[in-house]
Amino acid sequence: MTNKQKEIPKTYDPSKTEDKWHKYWLDKKIFSSEPNEKPPFTIAIPPPNVTGMLTMGHILNNTIQDVFIRLKRMQGYNTCWVPGTDHASIATETKVTKFLVEKGISKYDIGREEFLKHCWQWKEQYGGIIIQQLKKLGVSCDWERERFTMDDDYYREVIKAFVELYNDRKIYRGYRMVNWDPANKSAISDEEVLYKTVNGKLWYFRYPVMDSDEHIIVATTRPETMLGDTGVAFNPNDERYKHLIGKKVKLPIAEREIPIFADEYVDMEFGTGAVKVTPAHDINDYDMGTRHKLEIVNIFKDDASTNDNVPESFRNLDRYDARKRVVQWFEDNNLVEKIEDYQNKVGYSERGNVPIEPYLSEQWFMKMDELAKPAIDAVKDGKIKFYPQHWEKTFFHWMNNIKDWCISRQLWWGHRIPVWYHKKTNQVYCTVEPPNDLDNWIQDEDVLDTWASSWLWAHAIFPTKKEQDYYYPTNTLVTAPDIIFFWVARMIIAGMYFKKDIPFSDVYFTSVIRDIQGRKMSKSLGNSPDPLDVIRDYGADALRFTALYLAPLGQDVLFSTDECEHGRNFANKIWNAGRFLLMNAENISVDEKLKDAHKDFADEWIISRCNETLKNLDEAYKNFEVNNATKIIYSFVWNDFCDWYVEMIKSRLYAEDEELKSAVLTRALSIFEGLLKIVHPFMPFITEELWQLTHKRRDGESISISEYPKADKSLIKPSADAEMETVQNVVTALRNIRGEMNIPPSKKITVRMKSSEVQNHQVEYIKKLAKVEELSFGEKIEKPKACASAVVKSSEIYVPLEGLIDLNVERKRLQKEITRLESSLAGIEKKLSNEKFVNNAPEDVVERERSKQKDWSENVTKLKEILTNLN
């Protein structure tokens, strides 16, 4: 029985339903999960930074996850979607440091413990806003399970992992060339370096060769580093410099004697073919320095200002001030050969947004070659599948060329490395618990790279062995492709090492959201809408559906807020169909016993289409084609159900036979209820609202935990589809004729059809849907005079126009329009025959003119055909 007590508003208002149903879902613990006898379906949310705010990328990513979770929940799985946030070492420390500086407080003055108190206070006050924002989207996480990578039990898991790897000799400490972020005074990984094309200079300096009048000219993009030069190199095949092997140059400014040597690494085509070698500040120079046993001179402090290893007048300078002073010195001493404009790629710290400094530093590293092998095999053997599959190539390339991972960071906020050094004996102690006599030990100052904690996310989010045994491995990971190295690959490594099993079976890589001009959305460009504003204006369901509808698997999304009209219109279409059926239920009894009574071919057709839709959706979900699923749903709901079926049942709902009306409405509501379940994973709020209205529901019932419909292939009937296709084609053709001939909607038409396809039971539907007064058909029908016509497959359709329109007025109107279009067409053809215009005008302008030419030419042909039919 339908819920007749509740008035159904004329229009759907998301603001009145979204908060209501979200609260209901939480109050009734619809999303909560505990291990039980059901099969689990688990997703671990990619934890956004605790400093983060909701973006369109989050909208797409989390809506995809929610579609799968809601679908599986309705299919009877014990779904567990674990939300949470990442502590984001650098991002959080940067924000808190800035916050304190604005108050006149230096973190170094207050010390580590006091600074960490401020970090926790900041986290409690400002952190996690993104989680509250996500709830507005309607995502069905188990919010009682919300995790944070600095939770006590999670922290302990991270420390235990370090100790286990250390004891397994997979972690070591050593001096290495690292990417140094001078802004945050910390090492960062290769994957945290963004390369930007920079317009700079190439300076050619003359270095005097000792014991001769000769100079060797070296080219450099970084003059300041010459203060740390300890050699000059050339390629051994370069005949220009072979006579200098074994000689030395007197390094200007520093007055240091440095050797000239040959090395295969040097590119003979770069600059002069001779290069300065600075082992402490370039990774390739470091390798050359190691091979040739060069002195290593570090000239920078941790903030990239010059240190005491440079001459006194060059000390304590910012690296770019040092550059200016070095260049000025060379110019003053007539040692600049020339200066050229030069474009090169400069590595920037992703977080600090400053050029990184190659820096020789003592850091903690993880040996990756052996750890990577089981992870490579897991993907290679198909245990883990990537969607789109082409990301496997990227994964394998990185994994097969993997380098040791620098896991230490010179920060305070994060998981502090569990290593202690004895103050007297220098003994090293690595364990989960600190030493008993703590006063005699000093703990390592560094914290772990953020990714060295989040790589455990898939299993560490479950605090007990019972939960890990039940929920792990998780099922699907939905993530952005830009963290395939940072996170996806490392999670697979962690899963295979610590759990001896894959962390997930499927990885769905989301599209990149771009604006309508194709630019990646960003705060700096100001082209990224605030999703909460979009939700306020259009509703969460409209935003969710639109984001997915625009996002083909593996392709970028061009998004503008206006696109959400598409989702809003779809929501309104569903609402109007539901309201129509429910309003009829006020006067027509709904009787489940009559659900299969009084069927005709239209019912057989919609039932067939419903089951075919379910079959196609199953295939789309299986292949992770979420975008295709939205197209399948849209076509069924908008076209099949709303535009055709609802219109077709109206005549029967208005019939005299009460049992017939009851059967038709009961069946339509049953199909509509199934439709709501199909749409629910994509648009949870409106479907819950309407589902609750279709029947009186018990407290605690929700469409979210109702049974998802299954495809019954026996009900897919091609014959019903073929019969309906004939009706649709004929009705569409007649509607087109009405439009082309300006036949008023209020006037009924007469139709003659030369056809062997149309059957008697189809005629009444054609007459009602196309407003036909009289329809005759048969194989011997002849074409009347002054008629409009159309061909549908093997059928010819004629609509006599006498009495429908004023034929003389219509002939004049058509001739006038033909004349106007032919005149415009002549102008365009003249323009396109002008070679100067075609060759000089922008390509898009020329293409637009050609498109007009094609369209207008087709219109003229069509109008002439119509005019001929009027004679």
- [ ] May I ask you to work out the translational diffusion coefficient for the stretch 432-589 at 37 °C, viscosity 0.692 mPa s, via Stokes-Einstein with Rh from the Kirkwood sum over Cα pairs, reported in whole µm²/s?
- [x] 162
Open item on the list: Computed from the coordinates I sent, volume of the Cα convex hull per residue in Å³ equals one of (1) 262; (2) 246; (3) 283. Tell me the label.
Closed with: (2)
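Given a 1.4 angstrom probe, what's the average accessible area per residue across the stretch 363-459, in square angstrom?
Numbers: 4510 Å² over 97 residues.
Per-residue accessible area for the stretch 363-459 comes out at 46 Å².
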- [ ] Using amide H atoms built 1.01 Å from N in the peptide plane, name the residues 5+ places from LEU360, or on other chains, whose amide H lies under 5 Å from its own.
- [x] VAL178
- [ ] Quick one: which residues, 5 or more positions from VAL557 or on another chain, have an amide H under 5 Å from its amide H? H modelled 1.01 Å from N in the peptide plane, none for Pro or chain starts.
- [x] VAL512, ILE513, ARG514
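Which trypsin sites (Lys or Arg not before Pro) in the stretch 444-534 pass both tests, a DSSP loop state and at most 16 other beta-carbon atoms within 10 Å?
Details: sites: LYS465, LYS466, ARG490, LYS499, LYS500, ARG514, ARG519, LYS520, LYS523; in loops: LYS500, ARG519, LYS523.
Listed in order of number, the matching sites are LYS500, ARG519, LYS523.
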TODO: Calculate, in whole percent, how much of the Cα-Cα pair population of the stretch 349-422 lies beyond 17 Å.
DONE: 63
- [ ] List every residue whose amide H lies under 5 Å from the amide H of ASN49, counting only residues 5 or more places away in sequence or on a different chain, with H placed 1.01 Å from N in the peptide plane.
- [x] ASP86
Task: Loop-located GluC sites (Glu not before Pro) in the stretch 767-858 whose Cβ has at most 13 other Cβ within 10 Å (DSSP) - done: GLU779, GLU782
Open item on the list: Whole-Hz ³J(HN,Hα) for each residue in the stretch 189-195, computed from phi via Karplus 6.51 cos²θ - 1.76 cosθ + 1.60 with θ = phi - 60°, x for glycine and proline: what do you get?
Closed with: 7, 4, 6, 9, 9, 9, 9
Task: HN-Hα J in Hz across the stretch 716-732 - Karplus 6.51, -1.76, 1.60, θ = phi - 60°, x for Gly and Pro - done: 7, 10, x, 5, 5, 4, 5, 4, 5, 4, 4, 4, 4, 5, 5, 4, 4
- [ ] Quickly estimate the mean residue ellipticity at 222 nm for the chain, helices only: each DSSP H run with n ≥ 4 gives -39500 (n - 2.57), and the total goes over all residues, rounded to 500.
- [x] -13000 deg cm²/dmol
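Summing Lys, Arg as +1 and Asp, Glu as -1, what charge do residues with Cβ under 12 Å from the Cβ of GLU782 carry, GLU782 excluded?
Working: positive: ARG752, LYS754, LYS780, LYS783, LYS785; negative: GLU779, GLU796.
Local charge sum for GLU782: +3.
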- [ ] Equivalent ellipsoid semi-axes for the stretch 586-695, as square roots of 5 times the alpha carbon gyration tensor eigenvalues: give them largest first, rounded to whole Å.
- [x] 27, 15, 11
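Which pairs, out of LYS247/LYS367; LYS748/LYS864; LYS812/LYS852, put more than 28 Å between their alpha-carbon atoms? If you can, show how the numbers build up before the last one.
Working: LYS247/LYS367 40 Å; LYS748/LYS864 25 Å; LYS812/LYS852 24 Å.
In this structure, LYS247/LYS367 lie more than 28 Å apart at Cα.
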Open item on the list: Students often forget the sequence filter, so: which aspartates and glutamates lie under 15 Å Cα-Cα from LYS20 once same-chain residues fewer than 8 apart are removed?
Closed with: ASP541, GLU688, GLU689, ASP699, GLU701
TODO: Mind putting together the pair-distance distribution for the stretch 230-384? All Cα pairs, 5 Å bins, whole percent per bin, short to long.
DONE: 2, 7, 12, 16, 18, 16, 11, 7, 5, 4, 2, 1, 0, 0
Task: Along each principal axis, Cα extent of the stretch 1-71, largest first, Å - done: 44, 37, 20
Open item on the list: If you take every residue apart from VAL792 with its C-beta less than 14 Å away from the C-beta of VAL792, what net charge results, scoring Lys and Arg +1 and Asp and Glu -1?
Closed with: 0
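To the nearest 20 debye, what is the magnitude of the charge dipole of the stretch 624-680 about its Cα centre, counting +1 on the Cβ of each Lys and Arg and -1 on the Cβ of each Asp and Glu? The partial results should precede the final answer.
On the way: 6 positive and 9 negative charges, 38 e Å.
So the magnitude is around 180 debye.
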TODO: Give the accessible area for LEU863 in Å² (nearest 10); use a 1.4 Å probe, count only protein heavy atoms, and leave out ligands, DNA and RNA.
DONE: 30
Task: For the stretch 1-127, alpha-carbon Rg relative to the globular expectation (2.2 N^0.38 Å, N residues) - done: 1.54
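Could you tell me what percent of the accessible area of the stretch 549-669 is made up of carbon and sulfur, with a 1.4 Å probe and every protein chain present? Working shown, then result.
Working: 2100 of 4800 Å².
The computed percentage sits at 44.
More than 21 angstrom separation, counting every C-alpha pair in the stretch 304-379; what % is that? Write down the numbers at each step before the final one.
Values: 1644 of 2850 pairs.
That fraction is 58 percent.
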Task: For the stretch 626-637, 3J(HN,Hα) per residue [Karplus equation, 6.51 cos²θ - 1.76 cosθ + 1.60, θ = phi - 60°, Hz, x = Gly/Pro] - done: 5, 4, 5, 4, 5, 5, 4, 5, 4, 4, 5, 5
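What number in nm² do you get for the stretch 590-637 if you take the convex hull of its Cα atoms and divide its surface by four? Walk me through the numbers before you get to the answer.
On the way: hull surface 16.6 nm².
So the mean shadow area of the Cα hull is 4.1 nm².
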- [ ] Would you mind classifying the stretch 536-635 by shape? Square roots of the alpha carbon gyration tensor eigenvalues, ordered a ≥ b ≥ c; an a/c under 1.5 is rounded, otherwise it is prolate if a/b is larger than b/c and oblate if not.
- [x] oblate
Open item on the list: Could you tell me the center-to-center distance, by alpha carbons, between the stretch 450-476 and the stretch 786-814 in angstrom?
Closed with: 70
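Restricting to DSSP loop positions (anything but H, G, I, E, B) with no more than 12 other Cβ atoms inside 10 Å of their own Cβ, which trypsin sites (Lys or Arg not before Pro) remain in the stretch 65-164? Don't skip to the answer; put the middle values down first.
Values: sites: ARG70, LYS72, ARG73, LYS95, LYS98, LYS103, LYS107, ARG112, LYS117, LYS123, LYS135, LYS136, ARG145, ARG147, ARG156, LYS160; in loops: LYS103.
When the trypsin sites (Lys or Arg not before Pro) of the stretch 65-164 are filtered for loop state and at most 12 Cβ neighbours within 10 Å, LYS103 remain.
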- [ ] When you have a sec, figure out the Kirkwood radius of the stretch 220-269 from all distinct Cα pair distances and drop it here in Å to one decimal?
- [x] 11.7
Open item on the list: Restricting the calculation to Cα positions, tell me the Rg (one decimal) and the Dmax (whole number) of the stretch 149-197 in Å.
Closed with: 14.9, 44
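If contacts are Cα pairs under 8 angstrom and at least 6 residues apart, what is the relative contact order of the chain in percent? Don't jump to the answer; show the numbers that get you there.
Values: 1428 pairs, mean separation 115.3, N = 871.
Relative contact order, the chain: 13 percent.
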Task: Area of ILE129 that stays accessible when all protein chains are in place (1.4 Å probe, Å², to 10) - done: 60
Task: Accessible area of the stretch 598-704 divided out per residue, in Å², using a probe of 1.4 angstrom - done: 30
TODO: Divide, for the stretch 611-756, the radius of gyration over alpha carbons by 2.2 N^0.38 Å, where N is the residue count.
DONE: 1.27
Open item on the list: What does the charge count around GLU810 come to, taking other residues whose C-beta lies under 15 Å from its C-beta (Lys +1, Arg +1, Asp -1, Glu -1)?
Closed with: +4
Task: Top positive-direction residue, dipole computed over the chain with Cβ charges, set PRO236, MET521, ILE442 - done: MET521
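Counting only protein heavy atoms and using a 1.4 Å probe, what share of the accessible area of the stretch 82-203 belongs to carbon plus sulfur, as a whole percent?
Working: 2720 of 5710 Å².
The C+S portion of the solvent-accessible surface of the stretch 82-203 is 48 percent.
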- [ ] For LYS196, list the lysines whose Cα falls under 28 Å from its own Cα; do not include residues on the same chain fewer than 8 positions away.
- [x] LYS95, LYS98, LYS185, LYS276, LYS301, LYS324, LYS338, LYS345, LYS393, LYS403, LYS520, LYS523
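Over the stretch 329-474, consider all pairs of different Cα atoms and compute the Kirkwood hydrodynamic radius from their mean reciprocal separation; express it in Å, one decimal. Mind showing how you got there, number by number?
Values: mean 1/r = 0.0491 Å⁻¹.
After inverting the pairwise mean of 1/r, the radius is 20.4 Å.
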Open item on the list: Viscosity 1.306 mPa s, temperature 10 °C: give me the Stokes-Einstein translational D for the stretch 518-574 in µm²/s, with Rh taken as the Kirkwood radius over C-alpha pairs.
Closed with: 133
Task: Accessible surface of the stretch 412-537 [probe 1.4 Å, protein heavy atoms]: carbon and sulfur percent - done: 50
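The values are calculated or read from the model by the stated rules, or taken from the named source; none is laboratory data. Just so you know, these numbers come straight off a predicted model, no measurement behind them. A quick note on method: Cβ atoms are made from the backbone with ideal geometry, for glycine too, and the neighbour counts reach across all protein chains shown. Note: accessible area is taken over every heavy atom of the protein model, side chains too, but ligands, DNA and RNA are not part of it. Shrake-Rupley method; radii C 1.70, N 1.55, O 1.52, S 1.80 Å.
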